[in-house]
Amino acid sequence: MNTYDQIIQLALERGFYFPSSELYADASAGFWEYGPNGVKIKNKFLDLWRRELVRRDNMIEIDGSQIMSKSVFAASGHLSNFTDPVVKCKKCASSFRADKLVQEVANIDVPERMANESVDKLIKEYNISCPLCKGELSNAERFNMMFKVEIGPNHDEAYLRPETCQSIFVDFSRIFKVSRGKLPLGIAQVGKSFRNEISPRQGLLRLREFYQAEIEVFCNPSKLDDLNKFDGIKNTILRFYDDRIIEISVEEALHKQIIPNKLVGYYLALLVEFFERTGIDKKRTRLRKLSDEEKAFYSTVAFDFEVDTSIGWLELVACNYRSDYDLKSHSTISKTNLEVMDDEVKVLPHIFELSLGVDRCIYSIMEHSYFIDRENDDRSVLKLKPYLSPIHAGVLPLLKKPGFKEKSSKLLAQIQKDFDVFYDEAGSIGRRYRRLEEIGTPFAFTIDHQTLEDDTVTVRYRDSMKQERIKIDDANSFLFTNVFTYENK
RNA sequence: GCGACGGUCGUCCAGUUUGGUCUAGGACAUCAGAUUGCCAAUCUGGUAACCCGGGUUCAAAUCCCGGCCGUCGCACCA
């Protein structure tokens, strides 16, 4: 069984995540739910994201609507560009990307945005048939990956947002004013996005409804290298991939023009430092500069932050320099001037975006944390960072005898307002330790005979299995110190 | 969306070839009790499943059709 299957099994058995609506046979693919443990790890992951990116860089966070008007997506380009021209074989019903098919067979350049009629014309002209069965092809159709919804009794057309960032763009003007913003300004948002994927697969890795944590940095395009805070991260090591991995400091990467300017370098560094805190193995991550073919339609420079998993390299964060694409077209379509003042000069800000897929991150963290301890009965341990663990600590009475439960309850009440704790008295003590470490609980407090005498408990560490004694009164400070530290114990 | 294969307790699997013995079995997990008392111990007992719909048949987990889901390949991945 590979690691991916083991993680899925753990997720199902222990309530991290599971398919949505599974009670019913008509449940569609691409929708998954977070169970009790999954929600906790997701919330803690987002706490870390806020701490390491939003707060660290004094960003602003908003929470926008999931349903947005048609005009938003007319301006964003999603109505016209978020589609692929598709032709179907009338005989065997296979479908193909029309532009790619024509390009291959006729050996001519076909722009992706070519009108359907022009594509049809080319198919006739070059007498193109189904590559599989030689059957006749249908006319080209556009498959739009946005979910359309109808508003009110008149069925007004609107869409579920395919990316969270559009809220940030359309709200930008007001946010900038009310927060007395100054460029560069990061605006962040966590929320759900919706894409009608043709074939969603692999659990959390490709969903039709998924969480994004996005950061849009609004900046003055003429001041991309005018950034004092760059000095704070210039020595941070980035791992770039292009045929092979290059480990290089941000400053060096700037000199070698791997990154275009200080602003991009600064935010890539913040991102990389954030991921170092998640428990994802840095040696199994890379930044990959995208070629022109791979880039999204709105992007001028793009890096993907990728992580190596048991099923290959996985894109976790798309880092796009979107220039003024978004504000310019929102400005045009809405007929609103979205320029702001920067040092007495009017500018239409450019945008550098860090668009993070939360669900994929959760999966990757679980996979990189999953550990089979060959030296200790092959126990399975989720070596999550303590601040990401669904449960911070277990409270375990060694015996089911008078006195033990009372002491346990006292300890429980004392720490559960500040921490996620789990009380367990069922089964042997070893069994209870194993249950806790399987879901990543870093600490277990055990109430034993000595507790009844001197109000001390043992703390058992998940990774080392070592124990030490502390006073019950010190349990909170122990947890504050050990849960939120970046050091591993 | 196409093709191949598959779908049985929470999880993993047996049972389907050849319809009846399946009132659906096991392991792990889980719950209750007993016992033990610091690393998955033992014993007893319990909960718990044939993906959905239709068809064939005296009889369907088993055969047929459709749908849904999953894995893999192709295509797709803004």
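Quick one: net charge around residue A:447, please, counting Lys, Arg +1 and Asp, Glu -1 for every other residue with C-beta under 13 Å from its C-beta.
Local net charge: +2.
Does region A:142-233 classify as rounded, prolate or oblate by the C-alpha gyration tensor (a ≥ b ≥ c root eigenvalues; a/c under 1.5 gives rounded; else a/b over b/c gives prolate, otherwise oblate)?
Oblate.
Contour minus end-to-end for residue A:469 and residue A:400, with contour as 0.36 nm per residue of separation and end-to-end as the Cα-Cα distance?
Full-extension gain reported as 22.8 nm.
At R0 = 22 Å, how high is the FRET efficiency between residue A:481 and residue A:315 if r is their beta carbon distance? Nearest 0.05 is fine.
0.05
Excluding residue A:314 itself, what net charge comes from residues whose Cβ is under 14 Å from its Cβ, given Lys and Arg +1 and Asp and Glu -1?
Here the charged neighbours net out to -1.
Under 22 Å from the Cα of residue A:70, which lysines turn up, not counting those fewer than eight places away in the same chain?
Reachable lysines: A:148, A:192, A:328, A:335.
Need the full-extension length gain, residue A:192 to residue A:244, defined as separation in residues times 0.36 nm minus the C-alpha distance. One decimal, nm.
Length gained between residue A:192 and residue A:244: 15.3 nm.
What is the helix-to-structure angle for A:429-438, meaning the angle in degrees between its Cα long axis and the longest Cα principal axis of chain A, kept from 0 to 90 and rounded to the nearest 10?
20
Mind ordering A:40-49, A:436-445 by average Cβ neighbours within 10 Å, highest first?
Final packing ranking: A:436-445, A:40-49.
Relative contact order (percent) for region A:376-483, with alpha-carbon contacts under 8 angstrom and 6 or more residues of separation?
Across region A:376-483, relative contact order equals 32 percent.
Rounded, prolate or oblate, given the Cα gyration tensor of region A:30-90, with a/c below 1.5 counting as rounded?
It comes out oblate by the Cα gyration axes.
For residue A:179 and residue A:409, FRET efficiency with R0 = 45 Å and r from the beta-carbon atoms, rounded to 0.05?
Once rounded, the FRET efficiency stands at 0.45.
Defining a contact as two alpha carbons under 8 Å apart and six or more residues distant in sequence, what relative contact order in percent does chain A show?
12
Of A:382, A:341, A:87, which is farthest on the positive side of the dipole of chain A, counting Cα position, with +1 on Lys and Arg Cβ, -1 on Asp and Glu Cβ, and the Cα centre as origin?
Selected residue: A:382.
All other residues with a Cβ under 12 Å from the Cβ of residue A:342 taken together, and with Lys, Arg as +1 and Asp, Glu as -1, what is their net charge?
Its environment carries a net charge of -1.
Please state the shape class of chain A: rounded when a/c is under 1.5, otherwise prolate if a/b exceeds b/c and oblate if not, all from the C-alpha gyration tensor.
Cα axes put chain A in the prolate bin.
Using only the alpha-carbon atoms, how far is helix A:165-178 inclined from the longest principal axis of chain A? Give it as 0 to 90 degrees, nearest 10.
Approximately 80 degrees, to the nearest 10.
Rank-order A:294-305, A:25-36 by packing density, defined as the average count of other C-beta atoms within 10 Å over each peptide's residues, highest first.
Highest-to-lowest ranking by the protection proxy: A:294-305, A:25-36.
Take every Cα pair under 8 Å in region A:303-380 that's 6+ residues apart, average their separations, divide by the length, and report that relative contact order as a whole percent.
Averaging sequence separation for qualifying contacts and normalising by length gives 28 percent for region A:303-380.
Nearest 0.05, what FRET efficiency do residue A:324 and residue A:56 give at R0 = 22 Å with Cβ-Cβ as r?
Once rounded, the FRET efficiency stands at 0.25.
Please determine, in degrees from 0 to 90 and to the nearest 10, the orientation of helix A:36-49 with respect to the longest principal axis defined by the Cα atoms of chain A, where the helix direction is its Cα long axis.
Helix A:36-49 and the main axis of chain A meet at about 70 degrees.
Pull out the extension gain between residue A:136 and residue A:117, defined as 0.36 nm times the separation in residues minus the alpha carbon to alpha carbon distance; nm, one decimal.
Separation in residues times 0.36 nm, less the Cα-Cα distance, equals 5.2 nm.
Any chance you could check the Cα centroid distance between region A:148-225 and region A:303-363 for me, in angstrom?
Answer, in whole Å: 9.
Only the coordinates and a few stated rules stand behind these numbers; no lab work does. Note that the coordinates shown come from a computational prediction; the quantities given were computed from them, not determined experimentally. Backbone-built Cβ (ideal geometry, glycine too); neighbour counts: all protein chains shown.
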